[in-house]
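Every number in this text was worked out from the coordinates using simple rules, so none of it is lab data. Computed from a prediction, not measured in an experiment: that's the story for all the values here. Here the Cβ positions follow ideal geometry from the backbone for every residue, glycine too, while neighbour counts run over all protein chains shown.
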Amino acid sequence: MRYVSTRGQAPTLGFEDVLLTGLARDGGLYLPQAWPTFSADKIAGFAGQPFDLVATDVVDALAGGAIPRDELARMAREAYATFGHAAVTPLVQIAPNRFVLELFHGPTLAFKDVAMQLLARLMDYVLAKRGERATIVGATSGDTGGAAIEAFRASKRTDVMILFPDGRVSDVQRRMMTTPTEPHIHAIAIDGTFDDAQARVKDLFNHHAFRDRVKLSGVNSINWARIAAQVTYYFVAGAALGAPHRKVSFIVPTGNFGDIFAGYVARMMGLPIETLTIATNSNDILARTVSTGTYETRGVVATSSPSMDIQVSSNFERYLFEASGRDAARVGQMMDQLKQGGRFVLDVALAQRLKADFAAGAADEATVTKTISVTLAESGYLLDPHTACAVAACSKPTRATAQAPQVILATAHPAKFPDTVAAIAGIKPGLPKRLNRLMSDPERIHRLPNDVRAIETYVASHARAAKEGA
Ligand SMILES: *Cc1c(COP(=O)(O)O)cnc(C)c1O
């Protein structure tokens, strides 16, 4: 299998190179040249299977068989053994025909662990095989950074530098990044927003000489392997609820469009999804785009669901590429317009296609608060603010018996945002025992300005890959 860039100007690559590359050299994102599909029997057979076995099948298909199957199976087994729940991603029913898919039982209590635990193992495997090192630089709105740092702590082949917006992540999120003591792990507070941090990471990738010198690699959801790993739980939950013989709907708390794009991929691979709903907080650019056909950035507002405080959703580009019939030139134009004028308009066909592929809903802060309270009262279930955005975006339940089951993706554990949840629900969710020392361990933070040169200097001086190559 070869992988193509959404901008059409970068060479096609194999899976191993896509894994190590992150962003394509033309600024685009990689996708498989063609979608693999599963037969109805294969999908039905996922019901009741251990998570790591389904992950092996899904990632094997999306990696085009590039990783030997026994190695992939071993990495999946190890990755999901780090989870604190034997089902890895259990389904919990909260109302008739409505289920929460708990994706937060990994080491950092957010869904990012599902992909990151496997990605770290895949990267070390490929780097070891090649005798190479890599420098991983990523931007985080809060959860990616902790998940990446946790997943790469044991990595022998990488140096990991995570940029986070100073003062805009929760204490738990920050401590997950700043308390690990391994010397190859660097948590960097940037004087700016998440969008600034993400833009600086893109600057580093677009500076090709620098990129080659430090062997830059990415773990943001622009990395194809992350999306591939996330496709797994759509199949796991879908099959558990009767797919492919019955359709299933998913409602996804959305920021960078990575998680919901994994749902779109599951659909392309044959999972019968009735409705795929984009749920946002007040930063509602995607919900507005679905209803108006215009993608237009506004300022980012800080909300109780900080991991979704994003205006530019990188992975939306993957969808635009797909939905435009893989028209890379058209995607390039839209992205140029976005860069220059902060907006682009979908043509009529594309806007219609978007509406057909996704439903969307935005929850303001009052709605999030009300949703957490009402769900607790009606079902005794405590939602975190990100997941609450998705519950708020659910279509109203009807009494029609043929309705597809609704699966709400729970992307964070409520204990990751204890103060917000306590203020709303009157219950302070406790951290799981295995995180006992998190709030007292000493922190290590490097502070840098929102300036690409300063960041390059720091990265270059701490990247072992650069020293070896010199
Ligand atoms: C990252 C994150 C999201 C958004 O996921 P995307 O793939 O960026 O759309 C939602 N909720 C939580 C808790 C997250 O950490």
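The HN-Hα couplings worked out from phi for the stretch 84-95 by the Karplus form 6.51 cos²θ - 1.76 cosθ + 1.60 (θ = phi - 60°) are x, 9, 5, 8, 6, 10, x, 9, 10, 7, 10, 6 Hz, whole numbers, x standing for Gly and Pro.
Legend: translational diffusion of the stretch 162-220 by Stokes-Einstein, Rh = Kirkwood radius over C-alpha pairs, 20 °C, 1.002 mPa s; D = 169 µm²/s. Think of each Lys and Arg Cβ as +1 and each Asp and Glu Cβ as -1; about the Cα centre, that makes the dipole of the stretch 4-100 roughly 300 debye. Helix screen, the chain: DSSP H segments with Cα axial length of 20 Å or more and mean Kyte-Doolittle hydropathy at least -0.5 are 112-130, 224-240, 365-379. Counting beta carbons within 10 Å around each of ASP195, ASP336 and listing the fewest first gives the order ASP336, ASP195. Remark: spin-label model distance MET268-VAL348 equals 2.7 nm, labels positioned 7 Å along the Cα→Cβ axis.
Full extension of the chain segment joining GLN340 with SER291 gains 15.3 nm, where the gain is 0.36 nm per residue of separation less the Cα-Cα distance.
Of the peptides 34-40, 433-439, the order by per-residue mean of other Cβ atoms within 10 Å, starting with the highest, comes out as 34-40, 433-439. Its convex hull of Cα atoms gives the stretch 38-157 a direction-averaged projected area, equal to a quarter of the hull surface, of 8.9 nm². Quick one: in the stretch 20-92, what % of C-alpha pairs are over 20 Å apart? Pairs farther apart than 20 Å: 46 percent.
Please work out, to two decimal places, the log10 of the ratio I(q)/I(0) at q = 0.28, 0.31 Å⁻¹ from a Debye calculation in which every Cα of the stretch 110-164 carries one identical scatterer. Values returned for q = 0.28, 0.31 Å⁻¹ are -1.12, -1.27. Of interest is the spacing of the C-alpha centroids, which for the stretch 321-364 and the stretch 109-167 amounts to 30 Å. Given the options PRO429, THR181, ALA266, identify the residue whose Cα lies farthest towards the positive end of the charge dipole of the chain (+1 on Cβ of Lys, Arg; -1 on Cβ of Asp, Glu). Positive-end residue among those listed: ALA266.
Among the listed pairs LYS112/LYS428; LYS339/LYS370; LYS156/LYS416; LYS112/LYS215; LYS129/LYS215, those whose Cα-Cα separation exceeds 26 Å are LYS339/LYS370; LYS156/LYS416. Neighbour counts of C-beta atoms inside 10 Å place LYS428, LYS370 in the sequence LYS428, LYS370, starting with the fewest. Mind running the shape call on the stretch 349-470? Use the C-alpha gyration tensor, a ≥ b ≥ c as the square roots of the eigenvalues: rounded below 1.5 for a/c, prolate if a/b tops b/c, oblate otherwise. Here the stretch 349-470 falls in the oblate category. By the Kirkwood approach, averaging reciprocal distances over each pair of separate Cα atoms, the chain gets a hydrodynamic radius of 22.1 Å.
Given the chain, what percent of its DSSP beta bridges are antiparallel, to the nearest 5? Of all bridge pairs located within the chain, approximately 25 percent are antiparallel. Provide, for q = 0.15, 0.21 Å⁻¹, the log10 of I(q)/I(0) from a solvent-free Debye sum over equal Cα point scatterers in the stretch 87-236. Debye output, listed in q order: -0.79, -1.37.
Near the amide H of VAL137, within less than 5 Å, lie the amide hydrogens of MET161, SER217, VAL219, all on another chain or at least 5 residues away, with H placed in the peptide plane.
Placing +1 on the Cβ of every Lys and Arg and -1 on the Cβ of every Asp and Glu, with nothing else charged, gives the chain a dipole about its Cα centre of roughly 360 debye. Counting 0.36 nm for each residue step from TRP35 to SER373 and taking away their Cα separation leaves a gain of 117.5 nm.
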